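Visitor: Supplied in structure tokens, the structure appears directly below.
Every number in this text was worked out from the coordinates using simple rules, so none of it is lab data. None of the values given here were measured: they were computed from a predicted structure. Neighbour counts run over all protein chains shown; Cβ positions are idealised from the backbone, glycine included.
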């Protein structure tokens, strides 16, 4: 089970957070800071999987951004690790070279894309992930 | 392309709306999106948290104004939502916007709607009350002709949806499974997956449709259905074995590259789909050779194909290895898998190494040689700079620990523990160390020292079981007494040295362990006297850093040591100081110590040395105070009433509206806080009293039953025998009658006068004023209490017998000596015995009563036969008695006399349970086997009685029961008979316990015997069991019913038409009681409360109400399937008869 999907930058600012299991809003900040602290303390020689409380964090760095996914022990770390990369590729395709600013200014779109991909890993086919969003926006601009 | 045209056309209405504002929105849009931009930029530029907070608060207040302004367009609202999402993401509360998010989802055009849904899914959680407002929108969108809207609605349903509203959308979503567009079908499957997660029983009926989804022509839909299957197979793999072939075929196609190319990820075909399928196969093939054989080929191919050097192929390989080791083993595959693991472990890539270790950890128990192969790598990993790798290695070592390597492994674990600061890691590791130490400790010294380390590092975060288990181990010891003493002595010595160290702080839990051990086992010391130990404990007691909980442990230890110390100044000093302590608990303990100290003889008898393991008989009912209470009452003292009762009475007297929430929709005033019939009657009177103030109560006031059922002293046996279904309440009045017959008779006279009067209101007013502070009522109350307590006591003693594996609670340990103190001081054998007797007797009375009631109503069965079934020692006498009792008595006095005689006759009986008639299950010329069921309180007892019909002796007749899936069958002692004499009957008893709820089950077995040393013969038989065999009455009070009712989530309602013969509520309930063993708690007018439990302890409550000839049944239970089952049974019983 994927518990949450976070995108944070090196300064520890949250760029996107999505919780798939309810977490009280007051605890969001605390959890995110903790998670970021742990990810930042990892070096390249260390593995990309961290144990945090009773779940695992899988993190992957893209330039100044960290994508962190929290899962329980039913998931395979490596599969999630590659899933992160898959999601980045999808975002890349949509925004044509995705940057941190893209994510910030298009928070809603990134969320919509993620909704297509995750609740477990539900869709990994790029075209299919983007189809609903494209329909929404292409039409919106056409009129 | 045509798709898009189709979608745009269907969306036209929404688009017109959007167009209307004309040129205006362009400007607005620019300003709003730039506002989000400026907000984001502003926040990014900020350096301190404080500034951020200021900025966001500013933003939030401006947003609040905008969203609630009537001029805000939906488009602006959409922009506001995105900003609100942003603020919430940063951890600021934006709850004022939630309702607007729902509105946006309802009213917006497509894009706005999508953002509205998005905001809802981000803001709200499953049980948020606002979520209900979304349901209508979802239903509307599901019915929309616009595919995009349907899609959105399905997306949101698969993310977040209120459980109780599932029926509203379920049919719509089921329809969508047949939709022509794959995306709709896929999302519908995902929505159903969500439902399966939160309410599995609601989607049970569409399992066939899931199969269709699995065979869908589109890959996406099929992949989505795998989520549901993975979950269902995890719960019950045996039900889906037939699908193994399908899963294997799918995986073969995926691995063989038969999928469309766009499902490839870095030229690996659908890797996540493969992983999902491998997981499913692993679950299906577990311990099942036949199923496993089906998948060997495809697994082999997977292992072969995944050679590409890419991360995702490693993920597949890992899953593959996992599956190969989960299913029934095949050596060829295992070899290949082991090679794969080797590749992982030896890889220079750290992530792969991690995976390798994880795989090793998983397979090591099946194949320890693999650990030997990779031992050098493991050792390397143990000193790896990455703590995560180290941790995983320790996990691996933990799995291969044995008596030889335990010291080294524990050493490594402790090292890691000293470096780690994370609470979760500490808790986890400490538990493992303690477990290993207990299992494999090589000697005493090592064990104690390891446990010392565990306690000092684990401190107050570790699982409480660890100190408990440790103390239990010390106290109960092993087989060898001298070894035990040495262990204890070593523990005592090591603690004393630890305490001698200056300026060292130990965690509270550790101090508690020390004080218990010192208190119990200091006597083993020869050098140090108890006085010296007391002095050390005293020093700790005076230490401010010690918590008050620990101090009570310490003072308990001192108390235990005092009798050994003879005279000690320290003790007196301690008493002196703590009898004036501000801490009540401490003061209490100090006073106890003081009183005991004054009476040394009592003290030594109370606190014997090394008796911590002996069972104590605790008189929890405080029955030794009965005499005191009786004396008090006879001198005119007001009887004790529980707090809530007093409050209620006060309320009703003041004629104030009752603001307390009603537990149920029916009138609850009659049964809140009642423990005994007397209480109930009082309550119903009160409700009559307060009836003038509230509409609800007026209903209950009009009840016709009330006058007939309840009399003044609480209960009219005369009426009760007419209605005849109050058996749960029966024993208690008998108790009261036994104890003060005279009193009751006078009371009864009064009550008759009362019953005869016609004006209900007046009567009830009078009654309620009369009832307050009635002597008899208090007696009944007291006895009622003793009843429930004695049950508890029995259960407890049962637990004690079975405690073996269970950790006894810390408190039991600490207080063992203390409770013995209060017990021995006050405990009176006589009272204890009476308590026991009373418990037994009441149990008996109940079962017999219900049996009697059974026999009374079941006219087709001759009474005598029923009674002979009871196998009473004096059946005839008993039958007589009971016959009289259940005829309407001629006069009250007579009935009282008879009841008391009945009660006394009960006393002489042994405990009996209801049981079925014997039924022959198999026979041949030599023997015949018949079986019957005894429905015992805690289990179902199956008795097979074997009759030897031949004139010959049978040797070593033996009866065996096949293990059954849903039951746990245990043999009762004394079952194997070496020799069976000619023409005799022997019975075999098996207690059957339910492991998994089921509806029908078969228990089969065989009997094998030797006839006169010649041939051995075997005879098979089977017996049907239904869930009903495991339903027992649950005897609770109405108050408890109310509480339980609120706490159960699963409920089922249904109206049942009653047959003519039982149109009245009491008779219908009686049927339920007899046939389904439900316990009738109370009947209030046209409503009835019943309760039962599924053994071992799953309660189910039933509320019934009668309208004309319809009985409305309403079940609630903590178990989701039980209400459905019971409903079905009730329907059968009520409609059938």
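Visitor: Would you please classify the overall shape of the stretch A:74-117 from the alpha carbon gyration tensor, given that a ≥ b ≥ c denote the square roots of the eigenvalues, rounded means a/c under 1.5, and beyond that prolate means a/b larger than b/c while oblate covers the rest?
Guide: Prolate shape, in that a/c is at least 1.5 and a/b is the bigger ratio.
Visitor: Taking every residue in A:45-57, how many Cβ atoms of other protein chains lie within 10 Å of its Cβ, on average?
Guide: Shielding by partners across A:45-57 averages 5.
Visitor: Right, another one. Among A:78, B:222, B:919, which comes first, second and so on when ranked by fewest other beta-carbon atoms within 10 Å?
Guide: By the 10 Å Cβ count, ascending, the order reads B:919, B:222, A:78.
Visitor: Just want the ordering: A:115, B:386, B:938, from fewest to most Cβ atoms lying within 10 Å of their own Cβ.
Guide: By the 10 Å Cβ count, ascending: B:938, B:386, A:115.
Visitor: Give the average, rounded to an integer, of partner chain Cβ atoms located within 10 angstrom of each Cβ in B:98-111.
Guide: The per-residue average across the peptide is 1.
Visitor: Specify whether the C-alpha gyration tensor of the stretch B:467-518 places it in the rounded, prolate or oblate class, a ≥ b ≥ c being the square roots of the eigenvalues: rounded for a/c under 1.5, otherwise prolate if a/b is larger than b/c and oblate if not.
Guide: oblate
Visitor: Now a separate question. Using only the alpha-carbon atoms, how far is helix A:107-117 inclined from the longest principal axis of chain A? Give it as 0 to 90 degrees, nearest 10.
Guide: Between the helix axis and the principal axis of chain A, the angle is about 80 degrees.
Visitor: Sorting check: for B:636-644, B:601-609, B:1114-1122, which peptide has the highest mean count of neighbouring beta carbons within 10 Å, and how do the rest follow?
Guide: Listed from highest to lowest mean packing, they are B:1114-1122, B:601-609, B:636-644.
Visitor: Any chance you could check the Cα centroid distance between the stretch B:1098-1137 and the stretch B:189-210 for me, in angstrom?
Guide: Each part reduced to its Cα centre gives a spacing of 25 Å.
Visitor: Any idea what angle helix A:25-40 forms with the longest principal axis of chain A, computed on alpha-carbon atoms, 0 to 90 degrees, nearest 10?
Guide: Once rounded, the angle reads 70 degrees.
Visitor: From the Cα gyration tensor of the stretch A:1-133, with a ≥ b ≥ c the square roots of its eigenvalues, which class applies: rounded if a/c is under 1.5, or else prolate if a/b is larger than b/c, or else oblate?
Guide: Rounded is the answer for the stretch A:1-133, as its axis ratio a/c remains below 1.5.
Visitor: R0 = 56 Å: FRET efficiency of residue B:1131 with residue B:572, Cβ-based, nearest 0.05?
Guide: 0.15
Visitor: Here's a follow-up. Per-residue counts of other Cβ atoms within 10 Å, averaged by peptide: what ranking do you get for B:175-184, B:130-139, highest first?
Guide: Result, highest mean first: B:130-139, B:175-184.
Visitor: So how do A:40, A:6 line up by other beta-carbon neighbours within 10 Å, fewest first?
Guide: Least crowded to most crowded, the residues run A:40, A:6.
Visitor: Using helices alone, I'd like the mean residue ellipticity at 222 nm for chain A: each DSSP H run of four-plus residues gives -39500 (n - 2.57), total over residue count, nearest 500.
Guide: Calculated from helices alone, the mean residue ellipticity at 222 nm is -15500 deg cm²/dmol.
Visitor: Then there is this: Work out the mean other chain Cβ neighbour count within 10 Å for the residues of A:111-123 and drop it here as an integer.
Guide: 6
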